[in-house]
Each structure stands twice: as structure tokens, then as C-alpha cells.
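Data block below; observations after.
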Amino acid sequence: MNKVEIKNTNYQDNLEAIENIRIRVFQQEQGVEPALEFDGYDDYCVHFIAYLAQKPIGTTRIRYIDEDTVKIERLAVLSTARGQGVGTALMKEAIAFIKEQEKYKQIVIHAQVYVQSLYEKLGFEPVGDLFTEGEIIHIKMVKYI
């Protein structure tokens with residue numbers, strides 16, 4: 001297997017790659033509404049793109065919530081690249097980026113329940129009750145840093 005390469009970027013510089021991945025995963029596969037998926041926050045987030053053989057195959061973003069909290073969201077990996085650790089690699093890169101800033105106390109995610117174990121392996125703990133977002137069942141999870 002080729003090595004996955006992850007780069008952090010801004011939305012405008014890689015809009016086509018980010019949107020292509022998220023449209024394929026969230027809208028086409030999962031039926032998420034475009035207005036929910038593209039929520040107006042992208043320009044204010046730090047984005048990460050995973051590449052395999054120079055092709056974009058996954059993405060996520062970090063959104064700054066307040067002085068203590070950041071949220072990692074929109075983790076998406078193309079179906080052809082799943083099962084190879086791409087999602088975990090994206091999450092580890094985002095977590096390392098947040099830790100380097102040395103000012104945030106917690107990372108929040110809204111995990112789709114079927115991948116909750118991925119986040120638990122990365123140190124996230126479930127908080128509260130299940131809820132529906134984009135007609136998909138989620139659980140809020142927190143990692144304290």
C-alpha cells in the first residue's frame with residue numbers, strides 16, 4: 001500500500017478536493033442536505049486533506065468554538081480508501097495540530113454512532129444522549145487535552 005500523506009490547508013486553496021470528497025461521502029452516500037453539509041464555517045476552519053498516490057481521498061476540519069474548545073468535524077474518507085486507517089490518520093494529525101497550539105482544553109466531536117469506536121481508540125469519551133443530525137444518529141464525544 002502507498003503511504004497516505006496528510007496536509008493542512010485552508011478551504012479556498014483546496015475547495016474542489018474538499019467539496020468533492022464531502023459531496024460523495026455525505027450527500028451521495030449518506031443523503032445529507034447540502035445546506036447542512038456546507039454550513040458557512042469552512043472559510044474559518046483549518047482543513048486537512050489525506051492523499052494517496054497524489055489523489056485526495058479524505059478530509060476533515062477543525063472549527064474553533066471558544067477559547068477552550070475546538071471541534072473536529074466533517075471527517076470523510078472516500079469509500080475506495082476506507083479500511084486503511086485514513087480516518088484515524090486524519091484525526092491524529094488534527095489532534096496533534098490542536099495540541100501544538102497549547103491553549104485548548106478540549107476537543108469535541110459529533111460522532112456517527114457506527115464509527116464511535118474509532119474515536120474511543122483516540123481517547124474520546126461519549127457525553128450525553130444520542131441525537132440525530134442530518135437524519136443520522138450521533139453521539140457527542142469529548143477529549144480533554
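Numbers at a glance
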read-out: Any hit, region 53-66, residues being of a type in the set (Lys, Arg) and on the phi > 0 side of the Ramachandran plot; value: no
read-out: Region 1-31 - residue that is open to solvent by 70 Å² or more (accessible area, probe 1.4 Å) and of a type in the set (Lys, Arg) and, of those, farthest from residue 76 (Cα to Cα); value: 3
read-out: Checklist (1) touching a helix residue (DSSP H, G or I) at 6+ places or on another chain (Cβ under 7 Å); (2) surrounded by fewer than 19 Cβ atoms within 10 Å (Cβ to Cβ); (3) touching a residue at least 12 places away in the same chain (Cβ under 8 Å); (4) of a type outside the set (Phe, Trp, Tyr) applied to residue 34, failing item; value: (3)
read-out: Test result for residue 23, in contact with a helix residue (DSSP H, G or I) (Cβ under 9 Å, 6 or more places away or on another chain), in a strand (DSSP E or B) and hydrophobic (A, V, I, L, M, F, W, C); value: no
read-out: Residue, most open to solvent (accessible area, probe 1.4 Å), within region 117-145, restricted to residues that are among the hydrophobic types (A, V, I, L, M, F, W, C) and touching a His at 6+ places or on another chain (Cβ under 9 Å); value: 130
read-out: Test: residue in region 56-76 that is farther than 12 Å from residue 94 by Cα, small (Gly, Ala, Ser) and open to solvent by 30 Å² or more (accessible area, probe 1.4 Å); value: no
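The values are calculated or read from the model by the stated rules, or taken from the named source; none is laboratory data. Computed from a prediction, not measured in an experiment: that's the story for all the values here. Positions of Cβ are backbone-derived with ideal geometry, glycine not excepted, and every protein chain shown enters the neighbour counts. Surface accessibility is based on the protein's heavy atoms, side chains included, excluding ligands, DNA and RNA. Shrake-Rupley method; radii C 1.70, N 1.55, O 1.52, S 1.80 Å.
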